[in-house]
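Engineer: Got a structure for you, questions after.
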Amino acid sequence: MDVTETQQITEGSIEKVVVHPLVLRNIVDDYNRVAKDSGKRVVGALLGRSLDGVVEVINSYPVPFKENDEVCGLDHRHQQSMLQLFHGINDMVGWYSTGLELRDNDLDVHAQFCKYASAPNPVLVVIDVGLGIPTNAYYTMSSLEKMEKVFVRVPVEVAPHEVKEEFGEEHLLSDVKDTNFPKRITLGGVSFVDAMESYMEFYKNQVRISVEGYDISLRAVDLDISLVNHFSSCGNVEFVEVPRDAVTNAINGTSTTVVLRGEGAAEKALALHGSDVGGWRVSVKILPPALSSLRSGLTTHEAARQYVAHFKRYKSRGITVKGYDYSLCEADVKRALVNHFFSCGEITDVFVFKRRALVYFFDGGAVGKALKLCRPSQRRVTGTGFRARAMPIPKRLVVHGLDTPTY
């Protein structure tokens, strides 16, 4: 893989890339859960801002990726869904790859990610998951010598660890009325709940209809065009999913899904029920929302909070705690434990049993801090009798992605 120094390029350049610690933590966590000991790498999108030659990376998400001797490709549908989630919140400034150095097909992967990037010069950051640090950063430019794209190495650094993300602990402390718990700062001013709510609002405002009545001997492309033209008066036609054979491309189903967006789109689509579409009469039915979490009647804010709570619980690490006053009621024990351990990291769950309690943290590093807080020397300082030990990594169902829309 050719790497060119910036000085050899005549076009504009990026001066440096700054990666926030939260991004590194998330990438390492995803790698350990998905690809550790598999010999495979993890890739994903980098979000943030690019200004005056400095690219600041403040968020990220993994993208499913297939890589072998014959194929090298992203899950583009997942990537599009994630971009819609962060639309208006963070710009896509590049992508990351776990490992120590560039790979032979990285220019091809870079080209695929560049299609989605908002920044004029998307960057690639290579992450050493063993150390949890970025090893190198690159962007591409045309080489005057080779008349092709080459990677340009740029300095990369880790931003100071000044802020922590706030996802909300109301689900945990619903029975604790003490209002003196500390409030954390949100990274970039946007919480995980707000981002998820924006994502769900996008899909809630879609109108999904089922279309039937067509002849399956039609060509798939002709049916697609006919439906776009027929329903364009209802609003913006965003998507037409014609059931088709993966090999022959022939239509193999009697129901096609059409996704619309616009004021009154549902009523306008239903008004076309029974109308003529080039020789056949269309049957129209309204379908439920694409996201399963919106089918239960929850508001987008409620559904977002529910998703975030579940996501964080599945990603959490825990400790077993003993040595508290076993005569206290469950609410008092929970309050005491939260007060004692909140400084270690974000608490996602507290379970109180007869002679022990379980405390879960979203931040894996919080477990070590909690254990230190329960050492005999610290117990004498704090005046508590808490004894703690780390729990094995919980074999919980791991949420690898979002509530993916179904069409």
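The values are calculated or read from the model by the stated rules, or taken from the named source; none is laboratory data. Keep in mind the model is a prediction, meaning the values are calculated, not measured. Every residue, glycine as well, gets a Cβ built from its backbone with ideal geometry; the counts of neighbours run over all protein chains shown. Just so you know, the surface numbers come from the protein's heavy atoms only, side chains and all, with ligands and any DNA or RNA stripped out. Shrake-Rupley method; radii C 1.70, N 1.55, O 1.52, S 1.80 Å.
Engineer: Could you do me a favour and compute the accessible area per residue for the stretch 27-91, 1.4 Å probe, result in Å²? Working shown, then result.
Structural biologist: Working: 3370 Å² over 65 residues.
Heavy-atom SASA per residue in the stretch 27-91 reads 52 Å².
Engineer: Report Rg (one decimal) and Dmax (nearest whole number) for the stretch 284-372, counting Cα atoms only, units Å.
Structural biologist: 17.7, 64
Engineer: What is the percent carbon and sulfur in the accessible area of the stretch 212-369, measuring with a 1.4 Å probe over the protein chains and ignoring ligands? Walk me through the numbers before you get to the answer.
Structural biologist: Working: 4000 of 7680 Å².
Within the stretch 212-369, the accessible surface is 52 percent carbon and sulfur.
Engineer: Let me ask something else. Give the Cα extents of the stretch 191-264 along the principal axes, in whole Å, largest first.
Structural biologist: 49, 30, 15
Engineer: Considering the stretch 18-120, what Rg and Dmax in Å follow from its alpha-carbon atoms?
Structural biologist: Computed over the Cα atoms of the stretch 18-120, radius of gyration and Dmax are 13.4, 40 Å.
Engineer: If Lys and Arg each add +1 and Asp and Glu each add -1, what is the summed charge of the other residues whose beta carbon sits under 9 Å from the beta carbon of residue 49? Let's see the in-between values first.
Structural biologist: On the way: positive: none; negative: 56, 91.
Net of charged neighbours comes to -2.
Engineer: Local charge sum around residue 280 (other residues, Cβ-Cβ under 11 Å, Lys/Arg +1, Asp/Glu -1)? The partial results should precede the final answer.
Structural biologist: On the way: positive: 281; negative: 212, 215, 276.
Net charge around residue 280: -2.
Engineer: Tell me, what ³J(HN,Hα) does each residue in the stretch 72-77 have, in order and in whole Hz, if you take phi through Karplus 6.51 cos²θ - 1.76 cosθ + 1.60 with θ = phi - 60° and put x for Gly and Pro?
Structural biologist: So the Karplus estimates, Gly and Pro as x, are 8, x, 8, 7, 5, 5 Hz.
Engineer: Let me ask something else. Between residue 225 and residue 204, what is 0.36 nm times their sequence separation minus the Cα-Cα distance? Round to one decimal in nm. Please list the in-between numbers first.
Structural biologist: On the way: separation 21, 0.36 × 21 = 7.56 nm, distance 2.51 nm.
5.1 nm is the gain from fully extending residue 225 to residue 204.
Engineer: Compute the label zone of residue 232 within the stretch 267-301: residues whose backbone N is under 11 Å from the point 7 Å along Cα-to-Cβ.
Structural biologist: none
Engineer: For residue 245, project a label point 7 Å along Cα to C-beta. Then give me every residue of the stretch 207-221 with its amide nitrogen under 15 Å of that point.
Structural biologist: 216-221
Engineer: Okay, moving on. So for the pair residue 280, residue 263, with labels modelled 7 Å out along Cα→Cβ, what separation do we get in nm?
Structural biologist: Placing both labels 7 Å beyond Cα along the Cβ direction yields 3.4 nm.
Engineer: Please work out how much accessible surface residue 153 shows to a 1.4 Å probe, ignoring ligands, DNA and RNA, in Å² rounded to 10.
Structural biologist: Answer for residue 153: close to 90 Å² accessible.
Engineer: Could you sort 215, 104, 30 by their accessible area in this structure, using a 1.4 Å probe and putting the largest first?
Structural biologist: 104, 215, 30
Engineer: Could I ask something else about it? Give me the distance in nm between label points sitting 7 Å out from Cα along the Cα-to-Cβ direction at residue 36 and residue 212, one decimal.
Structural biologist: If labels sit at residue 36 and residue 212, their model points lie 5.0 nm apart.
Engineer: Past the 23 Å Cα-Cα mark, which pairs from 16/149; 204/268; 115/268; 40/369? List each step's numbers first, then the result.
Structural biologist: Working: 16/149 20 Å; 204/268 17 Å; 115/268 34 Å; 40/369 31 Å.
Going by Cα-Cα distance, 115/268; 40/369 fall outside the 23 Å limit.
Engineer: Related question: What is the percent carbon and sulfur in the accessible area of the stretch 46-148, measuring with a 1.4 Å probe over the protein chains and ignoring ligands? Intermediate results must be reported in sequence, preceding the final value.
Structural biologist: Details: 2360 of 4900 Å².
Whole-percent figure for carbon plus sulfur exposure: 48.
Engineer: Got a sec? What order do 301, 273, 110, 230 fall in by accessible area at 1.4 Å, biggest, i.e. largest, first?
Structural biologist: Numbers: 301 80, 273 105, 110 5, 230 40 Å².
Descending order: 273, 301, 230, 110.
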